[in-house]
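Here's the structure, in structure tokens; my notes come after.
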């Protein structure tokens, strides 16, 4: 469960800004946040990769993330993470099991809405490379985390994310490559809640 919460949270963490940042990196991230908030809904198709050369690990999975304000639904590797902004349901399809958490407890209060409306002071940010098509920014946590840095690649023309790479302290890299993005589609609020009746016999583990 913990790894899955990491996936849903780190997809959003890159919008965090820091008081200790270079002005150009801050302006780029400001523009990305503004462009993202302008969309009522966002649907991302992405590829998640986990690599660790020392352990000879090279895994890859396809996923879909849909967000609407502070609501979201993440589907990846036989698992659904669904949130209505207050509650998070993590459903394991093979086990027919769902774990229920409060948003703050499940994701350290990192949600699409609060990341895009309240810039945190948890990272130092630095613009490390620019090309005609992309800008690459490095985010380094100020306080101790279980990862060393996050590297964000931004599409310059669209002002949207292309790639997120999280480098953890165990030598692993978790990458999220955006393959397709659709915005302002119609998604009804009821898709952001877990419906127990649709899953006969599901085991409910309430962690609240």
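Looking at this structure, is residue 206 surrounded by fewer than 17 Cβ atoms within 10 Å (Cβ to Cβ), touching a strand residue (DSSP E or B) at 6+ places or on another chain (Cβ under 6 Å) and within 20 Å of residue 38 (Cα to Cα)?
Working: surrounded by fewer than 17 Cβ atoms within 10 Å (Cβ to Cβ): yes; touching a strand residue (DSSP E or B) at 6+ places or on another chain (Cβ under 6 Å): yes; within 20 Å of residue 38 (Cα to Cα): no.
So residue 206 fails the test.
Within the range 80-90, how many residues turn out to be assigned to a strand (DSSP E or B) and surrounded by fewer than 19 Cβ atoms within 10 Å (Cβ to Cβ)? Break it down stepwise before answering.
Pass one, the range 80-90, residues assigned to a strand (DSSP E or B): 80-83, 87-90.
Next, only the ones that are surrounded by fewer than 19 Cβ atoms within 10 Å (Cβ to Cβ) stay: 80, 87.
Total satisfying the criteria: 2.
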Subject >> Test: residue in the range 24-34 that is within 28 Å of residue 84 (Cα to Cα), modelled with pLDDT of 85 or more and part of a strand (DSSP E or B) >> reply: no
**OP:** Tell me, yes or no, whether the range 160-179 has at least one residue that is at pLDDT 85 or above, surrounded by fewer than 13 Cβ atoms within 10 Å (Cβ to Cβ) and farther than 30 Å from residue 56 by Cβ.
**Re:** no
Subject >> Total residues in the range 46-79, condition surrounded by 14 or more Cβ atoms within 10 Å (Cβ to Cβ) and touching a residue at least 60 places away in the same chain (Cβ under 8 Å) >> reply: 15
Original post:
Looking at residue 90, is it within 22 Å of residue 44 (Cα to Cα), within 17 Å of the chain's Cα centre (by Cα) and at pLDDT 80 or above?
Top reply: yes
Subject >> Lone qualifier among 189, 198 - being closer than 23 Å to residue 35 by Cα and either exposed (fewer than 15 other Cβ atoms within 10 Å of the Cβ) or modelled with pLDDT of 90 or more (or both) >> reply: 189
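The values are calculated or read from the model by the stated rules, or taken from the named source; none is laboratory data. Quantities reported herein were computed from a predicted structural model and do not represent experimental measurements. Reconstructed Cβ throughout: ideal geometry from the backbone, glycine too, with neighbour counts over all protein chains shown.
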